[in-house]
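Chemist: Provided herewith is a single structure, encoded as structure tokens, for subsequent inquiry.
Taken together, the values in this text are just the output of simple stated rules run on the coordinates, not laboratory data. Just so we're clear, the structure is a prediction, and the values are computed from it rather than from any experiment. Virtual Cβ from ideal backbone geometry, glycine too; neighbours counted across all protein chains shown.
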Amino acid sequence: MKKSSIILLIIMSLLFNGCASTCMEYRSATTAARSEKNLERAEEWGIKALESPECSPATDAHAPFFLATEVYLKQKKYTKMAEMLTIAEQRNSAQLLETSFKLGNTSVTTIGEGVEAYRDQEWINIYNQAVELIQDNKIDNAKEKIEIASLIHPKKGQNYFTLANIFIQQKDTIKAITTINNGLKADSTFSMLYLIKADISLQNNDLKVAEESYLKAIKYSDDPGPIMRNLLYVYIDMGDNQRAIDYANQLLNQFPYDADIYYNVGVLYQRMARGIENSSKKKYNKLNEMDTPDPQLIREIYTDFKQLRIYANSAKDYFYETSDLEEEKNFDTQDAISEMKKSVKQMDDIYLDSIREIARSAGIELD
């Protein structure tokens, strides 16, 4: 009974692992590569092994894995290598490798694990070459390397991120967006792809897409703070001031010592002040041209100027907070403080006093 059980296990193992070890075409291919060092003959027999009925092509992944790793990789035929890795994975990813190996401290024992290991190893090599070419400003060559890297490991978001940035530098945002979207299909959790999609959308004033993309980038990022600051600008540009203020307060609760956030909140209030300033001053000039001042217009301008002062004063306070947190003196921050102090003083010494005097002359009570 014990002997029968052992025989049964051997039979099951053969069924699981396929028949590559007894397939003549496969044996010829491996002999040509490993003993004769003849890769052309190994490729010829390996291709025959792919389809030979004796080699169990429906369930055996050894032939495509062999072609990928021992023939095409050595010949640097990366397109064919990638194709064979995919075929091996699809045929039988759970099949045991002929020879297991270690990747760091991890044992690689199956076809699926082997495919992933080779993809990672060769992808790192090719991708790093692309980065070096970019640094040397050999952009066309870098593109070719990235395309190869994408073939080897199509799920790596870095491929699409790097290529999209090249298109952005070349001011081809259409190709950049296409590349980004392809990348998100391959890896829907790669934060940096969402980030550059959001940045492009914000530049194109596509605020809804920018908001959605920034939120996804924040969700998947290990360092969401800088991205959250960018989202603040989307809410500002949407014109929803209260939502922007609420979000700004959320940011400050999360990052109370971040000078950049204080500065951005200051910019928020500064923009809101400027948004009121142009229209209210036009109304003020119109009022001064009237022989008989319009009471409704007086009250409207007064309310605008008071709100403008509140915004300018809030901006000034946030810029002061920024200055306190900055390690070195920042002239942009100091200029922003000066501008907001000037706006507050202008409201106090010129416009608010003037509109109150106009109101008194017209017999109109203001709060």
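Chemist: Step through the residues of region 88-93 one at a time and calculate ³J(HN,Hα) from phi using the Karplus curve (6.51 cos²θ - 1.76 cosθ + 1.60, θ = phi - 60°), rounding each to whole Hz and writing x for Gly and Pro.
Modeler: Result, rounded to whole Hz: 4, 5, 6, 5, 6, 5.
Chemist: For the chain, modelled as a Gaussian network with Cα springs under 10 Å, which listed residue fluctuates most, Asn105, Asn253, Asn205?
Modeler: Asn105
Chemist: Shifting gears a bit: If I take all pairs of Cα atoms in region 125-181, what percentage of them are more than 15 Å from each other?
Modeler: 41 percent
Chemist: What do the square roots of 5 times the Cα gyration tensor eigenvalues come to for the chain, in whole Å, largest first, as semi-axes of the equivalent ellipsoid?
Modeler: Three semi-axes, in Å: 70, 20, 17.
Chemist: Charges at C-beta only: +1 for Lys and Arg, -1 for Asp and Glu. How large is the resulting dipole of region 117-204 about its Cα centre, in Debye rounded to 20?
Modeler: Dipole size: approximately 240 debye.
Chemist: Classify region 63-126 as rounded, prolate or oblate from the Cα gyration tensor: take a ≥ b ≥ c as the square roots of its eigenvalues, call it rounded if a/c is under 1.5, otherwise prolate when a/b beats b/c and oblate if not. Present the calculation step by step, with values, prior to reporting the outcome.
Modeler: Numbers: a/c = 1.83, a/b = 1.20, b/c = 1.52.
Cα axes put region 63-126 in the oblate bin.
Chemist: As a check on your grasp of the helix formula, calculate [θ] at 222 nm for the chain: sum -39500 (n - 2.57) over DSSP H runs of n ≥ 4, divide by the residue count, round to the nearest 500.
Modeler: -24000 deg cm²/dmol
Chemist: Additional query: Going by amide H atoms built from the backbone, whose H comes under 5 Å of the H on Gln95, apart from near neighbours?
Modeler: Distant-sequence amide H within range of Gln95: Ile111, Gly112.
Chemist: Quick one: if the Förster radius is 30 Å, what FRET efficiency do Lys281 and Asn204 give, using the C-beta to C-beta distance and rounding to 0.05?
Modeler: 0.45
Chemist: Using +1 at the Cβ of each Lys and Arg and -1 at the Cβ of each Asp and Glu in the chain, identify which of Phe101, Asn230, Ile168 lies farthest towards the dipole's positive end.
Modeler: Projecting each Cα onto the dipole axis, the largest value belongs to Phe101.
Chemist: Continuing with this model, one more query. Stretch Asp136-Lys219 to full length: gain in nm at 0.36 nm per residue minus the Cα-Cα span?
Modeler: Using 0.36 nm per residue and subtracting the Cα-Cα distance, I get 26.5 nm.
Chemist: Also: Straight-line reach from Lys197: which lysines have Cα under 26 Å away, leaving out those fewer than 8 places along the same chain?
Modeler: Lys138, Lys143, Lys145, Lys155, Lys156, Lys171, Lys175, Lys185, Lys208, Lys216, Lys219
Chemist: Work from the charge dipole of region 272-361 (Cβ charges, +1 for Lys and Arg, -1 for Asp and Glu, about the Cα centre) and give the residue of Ser361, Ile350, Ser280 farthest towards its positive end.
Modeler: Of the listed residues, the answer is Ser361.
Chemist: Using +1 on the beta carbon of Lys and Arg, -1 on that of Asp and Glu, and nothing else charged, what's the dipole of region 234-300 about the Cα centre, debye to 20? Could the numbers behind the result be given before it?
Modeler: Values: 8 positive and 10 negative charges, 33 e Å.
Charge dipole, region 234-300, about its Cα centre: 160 debye, nearest 20.
Chemist: Per-residue HN-Hα couplings for region 350-365, Karplus 6.51 cos²θ - 1.76 cosθ + 1.60 at θ = phi - 60°, whole Hz, x for Gly and Pro?
Modeler: Whole-Hz 3J(HN,Hα) from phi for region 350-365: 10, 6, 5, 4, 5, 5, 5, 5, 4, 5, 4, 4, 8, x, 10, 8.
Chemist: Per 0.36 nm of contour for each residue apart, how much would the distance between Asp324 and Ser100 grow if the chain were fully extended, relative to their Cα-Cα spacing?
Modeler: Fully extending the segment from Asp324 to Ser100 adds 74.7 nm.
Chemist: If you wrap a convex hull around the alpha carbons of region 272-361, what volume per residue comes out, as a whole number of Å³?
Modeler: Details: hull volume 7.2 nm³, N = 90.
In region 272-361, the Cα convex hull volume per residue is 80 Å³.
Chemist: Provide, in order from the shortest bin, the percent of all Cα-Cα pairs of region 208-367 in each 5 Å bin, continuing until the bin that contains the maximum pair distance.
Modeler: Going from the shortest bin to the longest, the percentages are 2, 9, 16, 16, 15, 12, 11, 8, 6, 4, 2, 1, 0.
Chemist: Roughly how many nanometres apart are two label points built 7 Å out from the Cα toward the Cβ at Glu212 and Glu300?
Modeler: Using points 7 Å along Cα→Cβ, the separation is 3.7 nm.
Chemist: How many angstrom separate the Cα center of region 49-78 from the Cα center of region 221-261?
Modeler: That distance is 53 Å.
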